[in-house]
Amino acid sequence: MSKYIKLLKQKYTESKKSSLLVYFILRALIILCMVLQIIHGDWNNAALCLLSLLLFTIPTFIEYKLKITLPSVLESIIYLFIFSAEILGEINNFYGLIPHWDTILHTINGFLA
């Protein structure tokens with residue numbers, strides 16, 4: 001685990017200030033959402049928040065394993081997509097409230113990525 005933390009520190013001290021800001025803002029929102037879900041007793045949504053936090057580690061894991069560097073814009077898009085799909089879509093019911101939310105997410109993400 002300390003190896004992963006060391007890698008994160010090294011990665012973000014180099015050049016990814018903008019994606020770091022997105023990462024920490026979205027991570028804070030997910031943690032806040034998880035606390036609210038636990039207070040409400042909704043354990044399924046709390047588990048989705050934990051899954052989202054786990055998914056946030058994937059770009060760093062990919063960079064480490066494949067020894068590549070993802071552009072900070074692409075990394076931010078990945079974080080925003082995870083947040084939009086899991087937190088907004090599932091927990092806040094955007095899939096039910098906004099028609100074609102899934103199609104919108106995948107279309108925009110396809111063009112951007």
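Looking only at the range 52-77, which residues are part of a helix (DSSP H, G or I), open to solvent by 70 Å² or more (accessible area, probe 1.4 Å) and either β-branched (Val, Ile, Thr) or touching a residue at least 12 places away in the same chain (Cβ under 8 Å) (or both)?
Selection gives Ile58, Tyr64, Val73.
Suppose we filter the range 78-113 for residues that are more than 12 Å from the chain's Cα centre (by Cα) and open to solvent by 50 Å² or more (accessible area, probe 1.4 Å); how many remain?
20
Looking at Leu70, Leu51, Leu66, which one is over 20 Å from Cys33 (Cα atoms) and at pLDDT 90 or above?
Of Leu70, Leu51, Leu66, the one residue that is over 20 Å from Cys33 (Cα atoms) and at pLDDT 90 or above is Leu66.
Please determine whether any residue of the range 13-22 is in contact with an Asp or Glu (Cβ under 6 Å, 6 or more places away or on another chain) and modelled with pLDDT under 95.
Yes, some residue in the range 13-22 is in contact with an Asp or Glu (Cβ under 6 Å, 6 or more places away or on another chain) and modelled with pLDDT under 95.
The values are calculated or read from the model by the stated rules, or taken from the named source; none is laboratory data. Computed from a predicted model, the values in this text were never measured in an experiment. Neighbour counts are summed over all protein chains in view; Cβ atoms, including those assigned to glycine, are modelled from backbone coordinates with ideal geometry. These accessible areas exclude ligands, DNA and RNA; they are computed on the full protein's heavy atoms, side chains included. Shrake-Rupley method; radii C 1.70, N 1.55, O 1.52, S 1.80 Å.
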